[in-house]
1. Taking the number of other C-beta atoms within 10 Å as the exposure measure, put Ile54, Ile103, Ile7 in order starting with the fewest.
2. Based on other C-beta atoms within 10 Å, arrange Tyr59, Tyr27 from fewest to most.
3. Not counting the cut sites, what is the longest span of the chain without GluC sites (Glu not before Pro) that DSSP labels loop and that have at most 16 other Cβ atoms within 10 Å?
4. Give me the number: length gained by fully extending Leu46 to Val93, i.e. 0.36 nm times residue separation minus the C-alpha to C-alpha distance, one decimal in nm.
5. What is segment 1-77 by shape, rounded, prolate or oblate, if you read a ≥ b ≥ c off the alpha carbon gyration tensor as root eigenvalues and call it rounded for a/c under 1.5, prolate for a/b larger than b/c, and oblate otherwise?
6. Under a 10 Å cutoff between Cα atoms, tell me which one of Ala127, Ala151, Ala62 has the largest fluctuation in the Gaussian network model of the chain.
7. Tell me the label-point distance for the pair Leu147, Val20, using the 7 Å Cα-to-Cβ offset, in nm and rounded to one decimal.
8. If you look at just the Cα atoms of the chain, how large are its Rg and its Dmax in Å?
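No lab work stands behind these numbers, since they all come straight from the coordinates. None of the values given here were measured: they were computed from a predicted structure. Virtual Cβ from ideal backbone geometry, glycine too; neighbours counted across all protein chains shown.
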Amino acid sequence: MTVLFYICAALAVLAALNVVLQRTPVYSALSLIVVLCALALVYLLLGAEFMAVIQVVVYGGAIMVLFVLVIMLLNAGKETSRQRSRMARWLGVPLVTAFLAEILIAVWRQFPPGTTLPPPPPDGSPAAIGHLLFQSHVLPFEVTSILILVAVLGAVVLAKKEF
């Protein structure tokens, strides 16, 4: 079980790197689908079956279909190489190093060396998620729905043609 978890996690990390390093947008979107499916497997191994199904259906299915559709509609071709700026060349490596150090410090603080008991498994059942979503976090849920509604209305207004 642990070996399969590490295999799925490594696959997700490698596919995520391929998303960033790929020069063709379609291949990048396909790599993102691999990342989302690998994360669904990680959720499944952690005992959150509902989250795994939502990950595949919503993100791996619907959102990625929209991404690929937009990429195809825009007819995005291969990315062209440009010369990097001097600031990116000099500041890139130190900033990436500082970012990775911050991530390592955050992970180190999450798992202190003195703890031996594993944390209890999360309750990923639909009832527990519904309880959290509609009782504990109802305000952020409603604000998100209003934000999505405003975005849809904005897209309709921008796409409207004058006759």
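1. Details: Ile54 17, Ile103 10, Ile7 13.
Fewest-to-most Cβ neighbours within 10 Å comes out as Ile103, Ile7, Ile54.
2. Details: Tyr59 17, Tyr27 13.
Fewest-to-most ranking of Tyr59, Tyr27: Tyr27, Tyr59.
3. The segment 80-161 is the longest one with no such site.
4. 13.4 nm
5. Oblate, because a/c is 1.5 or more while a/b does not exceed b/c.
6. Ala151
7. 2.3 nm
8. Reported Rg and Dmax, both Å: 20.5, 70.
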